[in-house]
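J.: Sharing a structure with you now.
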Amino acid sequence: MVIGNDTLVHPAAFLLVGIPGLGSNIHFWMAFPLCFMYALATLGNLTIVLIIRADRSLHEPMYLFLAMLSTIDMVLSSVTMPKMASLFLTGSQEIEFNLCLTQMFLIHALSAMESAVLLAMAFDRFVAICHPLRHVSVLTAPVVGKIGLAALTRGFVFFFPLPFILKRLSYCHSNTVTHSFCLHQDIMKLSCTDTTVNVVYGLFIILSVMGVDSLFIGFSYILILQAVLGLSSRGAAFKAFNTCISHLCAVLVFYVPLIGLSMVHRLGGPTSLVHVVMANVYLLLPPVVNPIVYGAKTKQIRVRILHMFQRDAG
């Protein structure tokens with residue numbers, strides 16, 4: 001334990017449990033699919049970013065937002081998966097106190113940035129379907145850049161206080177984090193001092209960031225559905241809505257585990273296997289699934305990936 005001048009008690013390191021109830025042998029074998037997932041997430045997202053960067057015909061709002069999403073997913077997977085793989089492979093549970101707080105900040109800030117980009121993509125689909133003639137004039141390249149900067153800034157500003165309000169707490173009991181990575185709720189539970197500020201601020205940012213984003217995304221799709229159902233041709237309606245399928249999948253993969261994780265945390269009680277599984281799904285699934293879904297469903301991306309393989313085979 002490290003004791004500061006103001007008598008705050010901080011552990012030198014936290015201990016990561018991994019998945020509670022599983023032995024070291026099972027953890028060891030789970031490291032291999034985890035490494036495969038990390039390689040798949042990195043390769044898939046990097047491929048999408050490089051394709052969009054290299055092809056100027058893809059420098060449109062939908063693809064620029066997709067490149068932002070893939071970049072965030074690459075960084076998020078790099079923040080979580082390598083440490084998890086090390087934990088499972090070697091059994092090394094320790095993570096230094098400040099490093100744990102840094103990982104926690106990055107996880108929450110990057111998640112907020114991903115939520116903002118998903119909202120921007122919903123707005124792009126709304127304008128493209130409901131106001132197609134204004135799409136080019138509304139979502140210009142400078143506007144897309146400003147939206148990306150706003151997503152980055154919001155994620156940083158809202159979650160930057162978290163490490164500091166955790167440092168004002170004392171940790172005089174257990175230093176065991178019952179996950180494979182550091183999250184605000186779980187570090188907070190280890191404190192033996194009053195956590196009211198953490199609880200209130202945590203609830204405030206989850207509602208004002210992810211909560212507001214999800215409401216606007218839902219509202220966008222209500223308007224999109226109204227516009228699609230108003231089309232005279234069923235073929236045109238299907239074609240219009242089909243452009244939203246990949247984004248809808250990304251939204252569901254991101255928000256369903258997030259809502260489930262928030263609910264089980266708000267219900268209180270000790271951290272259970274359900275908490276851990278939901279947290280793992282929330283953090284590990286989107287970086288792996290998003291490039292697969294967009295690669296399979298987006299014709300322009302799919303064609304260029306196939307062209308890359310055919311050129312390598314030739």
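J.: For segment 23-38, how many residues meet the condition of being under 15 Å from GLN93 (Cβ atoms), of a type in the set (Ser, Thr, Tyr) and at pLDDT 80 or above?
T.: So the answer is 0.
J.: Tell me which residues, restricted to segment 249-290, are surrounded by fewer than 16 Cβ atoms within 10 Å (Cβ to Cβ), part of a helix (DSSP H, G or I) and either modelled with pLDDT of 90 or more or of a type in the set (S, T, N, Q) (or both).
T.: Listed by number, the list holds a single entry, LEU252.
So that you can scan it fast, the table gives a plain yes or no per residue for (1) within 15 Å of the chain's Cα centre (by Cα); (2) under 30 Å from TYR63 (Cβ atoms); (3) not hydrophobic (A, V, I, L, M, F, W, C):
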| residue | (1), (2), (3) |
| --- | --- |
| LEU190 | no, no, no |
| ASN198 | no, no, yes |
| GLY211 | yes, yes, yes |
| PHE216 | no, yes, no |
| GLY235 | no, yes, yes |
| PHE238 | no, yes, no |
| VAL276 | no, no, no |
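J.: Just to be sure before I move on: is VAL212 at pLDDT 85 or above, of a type in the set (A, V, I, L, M, F, W, C) and within 30 Å of ILE187 (Cα to Cα) in the structure I sent?
T.: For VAL212, the condition - at pLDDT 85 or above, of a type in the set (A, V, I, L, M, F, W, C) and within 30 Å of ILE187 (Cα to Cα) - is met.
J.: Restricting attention to segment 167-218, and to residues there that are more than 25 Å from LYS83 (Cα to Cα) and of a type in the set (Asp, Glu), which single residue is most open to solvent (accessible area, probe 1.4 Å)?
T.: ASP194
J.: Another question, if that's okay. Output the residues belonging to segment 106-158 that are open to solvent by 60 Å² or more (accessible area, probe 1.4 Å), assigned to a helix (DSSP H, G or I) and either touching an Asp or Glu at 6+ places or on another chain (Cβ under 8 Å) or more than 30 Å from HIS184 (Cβ to Cβ) (or both).
T.: PRO132, LEU133, ARG134, VAL136, SER137, ALA141, PRO142
J.: Next question, about the same structure. For LEU162, which of the numbered conditions (1) open to solvent by less than 20 Å² (accessible area, probe 1.4 Å); (2) in contact with a Leu (Cβ under 6 Å, 6 or more places away or on another chain) fails to hold?
T.: (2)
Results for (1) among the β-branched types (Val, Ile, Thr); (2) open to solvent by 60 Å² or more (accessible area, probe 1.4 Å); (3) touching a helix residue (DSSP H, G or I) at 6+ places or on another chain (Cβ under 6 Å), shown as yes or no for each residue.
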{"site": "ALA31", "(1), (2), (3)": "no, no, yes"}
{"site": "ALA39", "(1), (2), (3)": "no, no, no"}
{"site": "ILE48", "(1), (2), (3)": "yes, no, yes"}
{"site": "SER70", "(1), (2), (3)": "no, no, yes"}
{"site": "PRO82", "(1), (2), (3)": "no, no, no"}
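J.: Continuing with this model, one more query. Which pairs turn up if I take residues in segment 30-45 that are closer than 18 Å to SER180 by Cβ and look for partners that are assigned to a helix (DSSP H, G or I) and among the charged types (D, E, K, R) with beta carbon separation below 7 Å, at least 6 apart in sequence or on another chain?
T.: Filtered contacts from segment 30-45: ALA41/ASP73.
J.: Return the only residue of SER24, SER92 being within 20 Å of ASN280 (Cβ to Cβ) and free of Cβ contacts under 8 Å to residues at least 12 places away in the same chain.
T.: Sole residue among the options that is within 20 Å of ASN280 (Cβ to Cβ) and free of Cβ contacts under 8 Å to residues at least 12 places away in the same chain: SER92.
J.: Of the residues in segment 275-314, how many are of a type outside the set (S, T, N, Q) and under 30 Å from ILE187 (Cα atoms)?
T.: Residues meeting the conditions: 14.
J.: Looking only at segment 223-236, filter to residues that are in a helix (DSSP H, G or I) and open to solvent by 20 Å² or more (accessible area, probe 1.4 Å); which one of those is nearest to PHE123 (Cα to Cα)?
T.: First pass over segment 223-236, keeping only residues in a helix (DSSP H, G or I): 223-229, 234-236.
Of the ones still in play, those that are also open to solvent by 20 Å² or more (accessible area, probe 1.4 Å) are 223, 225-227, 229, 234-236.
Numbers: LEU223: 11, LEU225: 13, GLN226: 15, ALA227: 14, LEU229: 18, ARG234: 23, GLY235: 23, ALA236: 20 Å.
Out of the qualifying residues, it is LEU223.
The values are calculated or read from the model by the stated rules, or taken from the named source; none is laboratory data. Fair warning: this is a prediction, and the values are worked out from it, not measured in the lab. Glycine gets a Cβ as well: all are built from the backbone with ideal geometry, and neighbour counts include every protein chain shown. For the accessible areas, the whole protein counts, side chains as well, though only heavy atoms, and no ligand, DNA or RNA atoms are used. Shrake-Rupley method; radii C 1.70, N 1.55, O 1.52, S 1.80 Å.
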